[in-house]
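All remarks here apply to the structure that follows.
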Amino acid sequence: MWPDLIAKSKEGGADVIQTYAFWSGHEPKRGQYNFEGRYDIVKFANLVGASGLYLHLRIGPYVCAEWNFGGFPVWLRDIPGIEFRTDNAPFKEEMQRFVKKMVDLMREEKLFSWQGGPIIMLQIENEYGNIESSFGQKGKEYVKWAAEMALGLGAGVPWVMCKQVDAPGSVIDACNGYYCDGYRPNSYNKPTLWTEDWDGWYASWGGRLPHRPVEDLAFAVARFYQRGGSFQNYYMYFGGTNFGRTSGGPFYITSYDYDAPIDEYGLLSDPKWGHLKDLHAAIKLCEPALVAADSPHYIKLGPNQEAHVYRMKAHHEGLNFTWYGTQISCSAFLANIDQHKAASVTFLGQKYNLPPWSVSILPDCRNVVFNTAKVGAQTTIKSVEFDLPLYSGISTRQQLITKNEDLFITKSWMTVKEPISVWSENNFTVQGILEHLNVTKDLSDYLWHITRIFVSDDDISFWEESKISPAVAIDSMRDVLRVFVNGQLTGSVIGHWVKVEQPVKFLKGYNDLVLLSQTVGLQNYGALLERDGAGFRGQVKLTGFKNGDVDLTKLLWTYQVGLKGEFLKIYTIEENEKAGWAELSLDAYPSTFTWYKTYFDNPAGTDPVALDLGSMGKGQAWVNGHHIGRYWTLVAPKDGCQEICDYRGAYNSNKCSTNCGKPTQTWYHIPRSWLQASSNLLVILEETGGNPFEISIKLRATRVICAQVSESHYPPVQKWFDPDFIDGKIAVNDLRPEMHLQCQDGMMITSIEFASYGTPQGSCQSFARGNCHAANSLSIVSEGCLGKNSCSIGISNLIFGSDPCRGVTKTLAVEARCRSLPNAGFSQF
């Protein structure tokens, strides 16, 4: 996916790609490095360079990133005497070794800018300022050491520390946040950098989905450059998927879509991508003045309105460029930071109307080319379509016939149970409760604790007479606990270091007690990560017995790491037949800790592929041996989502939330490069019970596009780059607003569902005609757009033949549908 993602980033106006280097991925075992496949960072850097973009490499090596253990390899916590991210010799030795490895690799591959490569900047550490106080003087010494160590590696490009106001020497301190226009580095010799502009937020299982409106995001970016910013990076521009067990914790979902301009599947998210593209073009029109002026000139325009003006000095006249026949020597940003009211301001003798919470950009200090609150970019509506067959040809088929767009589906599943007992020779027995990660080394989410409990006649009588039940009591536990008695699941507890009081039911005599502790992503943020651990803390006991509580920490426990299916790798093409699969009947009762498998063909075309697991509970999924990730159908709260998202005012991750009352994630991305033409192996591990017969493969695509552009919108920013305009052959007054519609590659506009020039009401997929409507709206738009991948329609009475309502600002609203081009994109591979 990399080349396409890089190309879409460049098309969107990006100059630099930023990425982390994940220590846990590049050094999964101490001294054994991995730079292959998805971890081929050299290939990635070369692709960025070949596209004409630069690269900012954030080595860290702590990265946070909602990534398992913050990007640290779990083996690091086993180094004797180690304390993470402080003045600790064992940690500094390991950290320096990895950072040096990365810098040396980049230099050997000639990837630094002074070598002709794309890397213009590096990062050491990550948001350490948030936790530095936890370490006292040792934290301050660590910051100095990290900076000196990085500078001493001879990379030849600047180093950054984000959220580190005390970044020493020439290391540049940078801002992370939703807004950074007020940030100033700790030295006038350092530029103002915004390393993470949070254009959305991450999601947790059972949580709502964050959404940051693009009007606010564009406002934040424009304000940053208005007030002297030099470098701004979207976190994320593309977030993608945390495949396998790479999602961090506590409880972060597999998707890392982040409400980014490019979604998890690689599709453009409009209007966010398109509006930001226009913003970037507008800022670049100001580039000559921005880079020539030492600082902007501030002008107060009103109580909550202000201008920042960038003027070229006389000795910079050679940098001027011609724009509609004149030379640019002055650029301005006009801001209205009032959260509620629009404002009319006078700037250099001319009046300008500023919507609330917005910035207007004037590349020539006269003409507005862009306002952050006026969105002319199209809106894309993504859908999942075409339920596709999940079937098996390995045994007599059970038939399940479903009709979906005239496609009949035949499905069959095989199944095998995961043993709730000791299953390998690698188990061991010791007295007491061991710390989870000390045992698993994070090779699996699962750790089995197995013991036997004797129940006397007196205990049974005591429970019956007292009408009480015994219970497993644990002072503190994370993330998931499953309690089994005699092979049956008795109860589950979910939480992050929560108290456990789980009732259990024992029989007379000896009972098998199994405690299954699970991780759902290791902690990725905070101080003292090496101490966080997993499993149980404090007292672990059985309560309710006649003779008092049973201290479980004094019993003998047998420990088993992981699942039998995991370690036999029954999810791989090579090993899956070893599991002893049996056919699953259609009326089978949902079963806990069960493996399922089936086969499916690669869907035709090039649309991204999604696995719909909405019918399942909790578990993990693999396709052809590739780990798709964890899944969990926890439902978000029903409240907390707003019907109308008001972009005005400061954003936070709870504002404009979506997806209330629905599972946080049901669709899981299967990269097409992981699929073969047919007989793709899908293996599911289900922990809590679900219906695999309702699992489906779907295609994700943009089928609906909408736009709403009025006479009050500004002409497309791209028009200002037109050679005829630059040469003065086209005057500013000749430019008009336009609506631009574009299907994704390989598709064309096949129908116009709605078109109205006048005063249309509503929004995408709910447009309605207003009191004013040009009768030929549909025919004009259809003639200009049908059968095309993209089209543009001018917003003027001239285009529609007459003025449908004089004295009223007219708007054109359009909803169109996109379909794949005939005979294109349907071949299987």
- Task: Round to a whole angstrom and tell me the spacing of the C-alpha centers of segment 357-372 and segment 212-227.
- Result: 13 Å
- Taking the square root of 5λ for each eigenvalue of the C-alpha gyration tensor of segment 482-616, the equivalent ellipsoid has semi-axes, largest first and in whole angstrom, of 36, 23, 15
- Among Leu437, Val504, Tyr179, whose Cα sits farthest toward the positive end of the charge dipole of the chain (+1 at Cβ of Lys/Arg, -1 at Cβ of Asp/Glu, about the Cα centre)? Tyr179
- All lysines inside 19 Å of Lys810 as judged from Cα atoms, apart from same-chain residues fewer than 8 positions distant: Lys374
- Spit out the partnerless Cys residues in the chain, using Cβ distances under 4.7 Å as the pairing rule. Cys64, Cys162, Cys286
- Determine the calculated [θ] at 222 nm for the chain from helices alone, applying -39500 (n - 2.57) to every DSSP H run no shorter than 4 residues and normalising by the residue count; nearest 500 deg cm²/dmol. -4500 deg cm²/dmol
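Determine the percent antiparallel among the DSSP beta bridges restricted to the chain, to the nearest 5.
On the way: 146 of 171 bridges.
Percent antiparallel among DSSP bridges in the chain is about 85.
What shape does segment 721-829 have by the C-alpha gyration tensor, where a ≥ b ≥ c are the square roots of the eigenvalues, rounded means a/c under 1.5, and otherwise prolate means a/b greater than b/c and oblate the rest?
Details: a/c = 2.70, a/b = 1.26, b/c = 2.14.
Oblate shape, in that a/c is at least 1.5 and b/c is the bigger or equal ratio.
Report in % the part of the accessible area of segment 553-699 that belongs to carbon and sulfur, leaving out ligands and nucleic acids; probe 1.4 Å. It would help to have the intermediate numbers written out before the result.
Values: 2910 of 5720 Å².
Carbon plus sulfur share of accessible area: 51 percent.
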- Task: Using the Cα centre as the reference, give the magnitude of the dipole from point charges on the C-beta atoms of segment 589-725 (Lys, Arg: +1; Asp, Glu: -1; all else neutral), rounded to the nearest 20 debye.
- Result: 300 debye
- Item | Environment charge at Ala45 (Cβ cut-off 11 Å; Lys +1, Arg +1, Asp -1, Glu -1) | 0
- With a/c under 1.5 counting as rounded, go ahead and sort segment 651-708 into rounded, prolate or oblate using the C-alpha gyration tensor (a ≥ b ≥ c being the square roots of the eigenvalues; past the cut-off, prolate if a/b is larger than b/c, else oblate). oblate
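Tally Lys/Arg at +1 and Asp/Glu at -1 over every other residue whose Cβ is under 12 Å from the Cβ of Ile799; what's the total? Could you put the intermediate results ahead of the total?
Details: positive: Arg736, Lys810; negative: Glu711, Glu738, Glu783, Asp803.
Here the count lands on -2.
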- Counting only protein heavy atoms and using a 1.4 Å probe, what share of the accessible area of segment 1-64 belongs to carbon plus sulfur, as a whole percent? 52 percent
- How about Lys564: which lysines have a C-alpha closer than 27 Å to its C-alpha, ignoring those fewer than 8 places off in the same chain? Lys29, Lys411, Lys417, Lys441, Lys505, Lys578, Lys597, Lys618
- Note on the structure: Between the Cα axis of helix 214-226 and the main Cα principal axis of the chain, the angle (0 to 90°, nearest 10) is 60 degrees
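Considering only protein heavy atoms, what per residue accessible area in square angstrom results for the chain with a 1.4 angstrom probe? Please list the in-between numbers first.
Numbers: 33850 Å² over 829 residues.
For the chain, the per-residue accessible area is 41 Å².
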- Item | Dipole of the chain [Lys/Arg +1, Asp/Glu -1 at C-beta], most positive-end residue of Tyr446, Ile460, Gly154 | Gly154
- Any aspartates and glutamates whose Cα falls less than 15 Å from that of Lys10, other than same-chain ones fewer than 8 residues away, would be Asp278
- Note on the structure: For 584-596, 269-281, 153-165, ranked highest to lowest by mean beta-carbon neighbours within 10 Å, the order is 269-281, 153-165, 584-596
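The values are calculated or read from the model by the stated rules, or taken from the named source; none is laboratory data. No experiment lies behind these values; they were computed from the predicted model shown. Positions of Cβ are generated from backbone atoms using ideal geometry, with glycine treated the same way; all protein chains shown enter the neighbour counts. Protein only, heavy atoms only, side chains kept; ligands, DNA and RNA dropped before computing areas. Shrake-Rupley method; radii C 1.70, N 1.55, O 1.52, S 1.80 Å.
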